[in-house]
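The values are calculated or read from the model by the stated rules, or taken from the named source; none is laboratory data. Predicted model only: the values in this text are computed from it and were never measured. Here the Cβ is made from the backbone with ideal geometry for all residues, glycine too, and neighbour counts use every protein chain on show.
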Amino acid sequence: MFSVWLGIWLYFGGAAQKSEMWVGQAFSRTAADKGLVVQNVLVRGRVHTDPKELRRLIGVERGDPIMAFDPGEIRDLLERIPWVKEARVERRLPDTIYIGLVERAPLVLWQNKGKVRLIDSDGVTLTDKNLKSYSDLLLVVGEEAPRHAPELVKMLVAEPALKERIESATWVSERRWNLNLKGGTVVKMPEKDTELALRRLGAAQEQDRLLDQNLAVIDLRETGRMSIRTLPGAVSEYKAGNSKERGI
């Protein structure tokens with residue numbers, strides 16, 4: 001009974017935890033006395049992650065006991081950085097801390113509620129600062145645009161002649177895209193078969209240089225049909241090879 005009572009008193013009195021902490025500290029000091037101290041911090045995979053923030057979170061200095069460094073704790077801290085998708089943290093005895101980072105890849109710029117953010121394919125916001133260096137990325141607009149952006153970007157990769165003309169893409173009515181071209185033309189994409197519609201538009205550009213014309217709207221929402229609206233407001237149906245005859 002005395003042993004049980006003593007065990008309970010030690011546990012609730014914090015003596016067990018204090019003893020464990022003391023043993024850990026003593027072990028770290030002994031290891032340091034044997035030369036197991038941090039001399040090098042090796043970081044691989046860092047491209048976008050702020051090095052100052054990285055150093056702050058790692059929190060070790062040369063000469064610190066290497067056994068006092070907790071790889072699991074530091075890994076969890078690093079994976080809270082928006083740019084870091086995955087972190088690998090190791091003690092490499094006798095004197096090196098190894099940090100391996102897998103960073104997220106920027107996909108598009110997302111504009112919503114008056115603010116522009118850089119996001120990846122999972123919709124994770126990477127940053128909203130210093131975005132000029134990412135101006136070559138597609139700008140998508142709309143509440144649900146990030147969820148549908150990866151598929152659109154993938155389709156546009158197959159149509160590079162179209163991709164370079166697009167200034168932004170707006171997710172409309174939670175079901176389809178409007179592509180806003182650099183010249184001011186709006187391309188209304190269908191809800192389904194978006195990839196097929198892009199191929200048709202690409203073929204029209206290749207055959208008739210359609211996108212070089214003075215157009216306000218190109219409507220692809222109806223399957224197998226392409227309607228165009230010129231800037232003065234006239235509407236006509238596009239047929240491949242006949243654009244010159246209609247004077248557009």
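Scanning the range 36-59 for residues that are of a type in the set (A, V, I, L, M, F, W, C) and touching a Phe, Trp or Tyr at 6+ places or on another chain (Cβ under 6 Å) yields one hit, Leu42. Condition (residue is of a type in the set (A, V, I, L, M), in contact with a Lys or Arg (Cβ under 6 Å, 6 or more places away or on another chain) and buried (at least 19 other Cβ atoms within 10 Å of the Cβ)) applied to the range 130-147: is it met by at least one residue? Looking for residues that are of a type in the set (A, V, I, L, M), in contact with a Lys or Arg (Cβ under 6 Å, 6 or more places away or on another chain) and buried (at least 19 other Cβ atoms within 10 Å of the Cβ), one finds none in the range 130-147, hence no.
Might you check whether a residue that is modelled with pLDDT of 90 or more and basic (Lys, Arg) occurs anywhere in the range 236-246? Checked the range 236-246: no residue is modelled with pLDDT of 90 or more and basic (Lys, Arg). A search for C-beta distances below 7 Å between a residue of the range 134-149 that is within 19 Å of Val186 (Cα to Cα) and any residue that is assigned to a loop (DSSP other than H, G, I, E, B), counting only pairs 6+ apart in sequence or on different chains, returns Leu137/Pro106; Ala149/Leu107.
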